[in-house]
Protein chains: 2
Amino acid sequence: MDEIRRDFENEDVQNRLLDAAEKLFCEKGFARTSVRELTTEAGCNLAAINYYFGGKEKLYTEMFRRQFQMMIQGHLDTIDQVMCEGDVSLEKLLKVIIEPPIRRAVANETKGQILKLLVREVMDQKIDPEYVVKDMKEKFFDRLGSVFMQLVPGLPEERIALIVMSFDGVILHPFLFMEFYQKTMPDLTIDELVNHIVRFVAAAIRGYASPAEKEAG
Amino acid sequence: MDEIRRDFENEDVQNRLLDAAEKLFCEKGFARTSVRELTTEAGCNLAAINYYFGGKEKLYTEMFRRQFQMMIQGHLDTIDQVMCEGDVSLEKLLKVIIEPPIRRAVANETKGQILKLLVREVMDQKIDPEYVVKDMKEKFFDRLGSVFMQLVPGLPEERIALIVMSFDGVILHPFLFMEFYQKTMPDLTIDELVNHIVRFVAAAIRGYASPAEKEAG
DNA sequence: TGACGTTTGAAACAATCGTTTTAGTTATTA
DNA sequence: TAATAACTAAAACGATTGTTTCAAACGTCA
């Protein structure tokens, strides 16, 4: 009676609800999205969310968990793929990491909004932060840091974590402020944006490896 | 009867409501903060918000407008002050811009949460985006860009706006993910964080000015 | 077919939301 | 002091929220 169904036989309704959750929660956030909107978007009955997931919050958690894992796994695959190739460089790695999601974001696909979802989650903390922190750090950031060190000899190991953080900040920015970019730089192309980020981050990391003396002082 | 009071004689209740709004909206966002929480925090009656501001959203708008202008003006003052001194450098400018707000954020003061409020606003867009975009760009970002060009000769002018954006991304990151920083790097000091950001951004900007040929490729 | 477990539909639930109303209190001014 | 405006207090309002209920419909296997 009070057991949540988990048969995965007729996943149609469940998947449609997960899709609707991804779309609406990304766009408007958790609080401003009602279960009536979700079920309407999914084309199912109002009670379906409670029937299949046990509540609005459980649906959110399930959706977030999936998207989050998918994002991390996608990045790990990208890194592995690039590192296996012969002509690997820092610039090339940065480019393949940031370009696909940026293109998706500009195309306004749902997948491009996942980073917004992540930021919302960090702010609102509906899910156990330990879970998000642990996976994000141990799986992705640590891997990225070791690759940076591999590609750019001379990086101070004790600062690697901070470097990865700042890199994350740079790539996160256009996702959060996409409208701002488009309004203040209407002629900006995706290539220009991608090239800028690559150049900016690469310069920062390489500058870190070969510390320059202060000028103009 | 239906006119909103704007006497500014007894500003006690109004200011207490604005303070409560700043605190609670920053912490929990607009939707998850109720007028009952706000009036309790402010120590006034439930109807006071509608009486003085005309509604919950008007209170939010008024609070945001004030905080936003205060933040921009503070940054402009900081820039002007630094640029007037004799031994001005890019590193010094970066340091004085980012250090005070970071210290406030670590101390968990309300003022340190304003950037979170800004990000929330960009996501939810309760206020006319034109207003935020216009002031942010014309008053602050343009000034910052011109100062960067002044301090670092050789910066490509057509990329200045993007450089400022990426700089914003780097400094925004620790504010959004402060808990993440503290959990994954518990021994990190504020000085180390500030020095890292200065070094990272300075390297990025200087590297932009003197384009390096790609290595390892 | 008949019975049973699963899924759906529509209505109703209690709780909370922002806002309004109304009466009462305080302050101000003539 | 009387009258008017400014403010506060408490209750109630209508709307919306997430959730629950329960009967009808569906699918499956005897």
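The values are calculated or read from the model by the stated rules, or taken from the named source; none is laboratory data. If you're wondering where the values come from, they're calculated on a predicted model, not measured in any experiment. Note: ideal-geometry Cβ built from the backbone for every residue, glycine included; neighbour counts use all protein chains shown. Accessible surface is based on the protein model in full, side chains and every heavy atom, while ligands, DNA and RNA are left aside. Shrake-Rupley method; radii C 1.70, N 1.55, O 1.52, S 1.80 Å.
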Near pairs, Cβ below 6 angstrom, 6+ apart or cross-chain, from region B:123-149 (in contact (Cβ under 8 Å) with a residue 12 or more places away in the chain) to any residue that is open to solvent by 60 Å² or more (accessible area, probe 1.4 Å) and among the hydroxyl-bearing types (Ser, Thr, Tyr): none
Residue in region B:55-64 that is within 25 Å of B:Leu193 (Cα to Cα) and without any contact (Cβ under 8 Å) to a residue 40 or more places away in the chain present: no
So B:Gln113, is it more than 13 Å from chain A (Cβ to nearest Cβ) and modelled with pLDDT under 95: no
Tally, over region A:160-180, of residues that are open to solvent by 10 Å² or more (accessible area, probe 1.4 Å), under 23 Å from A:Lys111 (Cα atoms) and more than 7 Å from every other protein chain (Cβ to nearest Cβ): 3
Residue under evaluation B:Arg199, criteria (1) more than 7 Å from chain A (Cβ to nearest Cβ); (2) open to solvent by 70 Å² or more (accessible area, probe 1.4 Å); (3) at pLDDT 95 or above, criterion not met: (1)
Single residue of region B:48-68 satisfying the filter (open to solvent by 40 Å² or more (accessible area, probe 1.4 Å) and hydroxyl-bearing (Ser, Thr, Tyr)) that is nearest to DNA strand D (Cβ to nearest atom): B:Tyr51
Odd one out for B:Val35 among (1) open to solvent by less than 30 Å² (accessible area, probe 1.4 Å); (2) over 22 Å from B:Gly112 (Cα atoms): (1)
Of all residues making up region B:54-82, the number that are β-branched (Val, Ile, Thr) and within 16 Å of DNA strand C (Cβ to nearest atom): 1
Restricting region A:69-103 to residues that are hydrophobic (A, V, I, L, M, F, W, C) and open to solvent by 20 Å² or more (accessible area, probe 1.4 Å), the residue that is farthest from A:Met149 (Cα to Cα): A:Met70
Lone unmet requirement of (1) within 14 Å of chain A (Cβ to nearest Cβ); (2) within 16 Å of DNA strand C (Cβ to nearest atom); (3) not basic (Lys, Arg) for B:Glu85: (2)
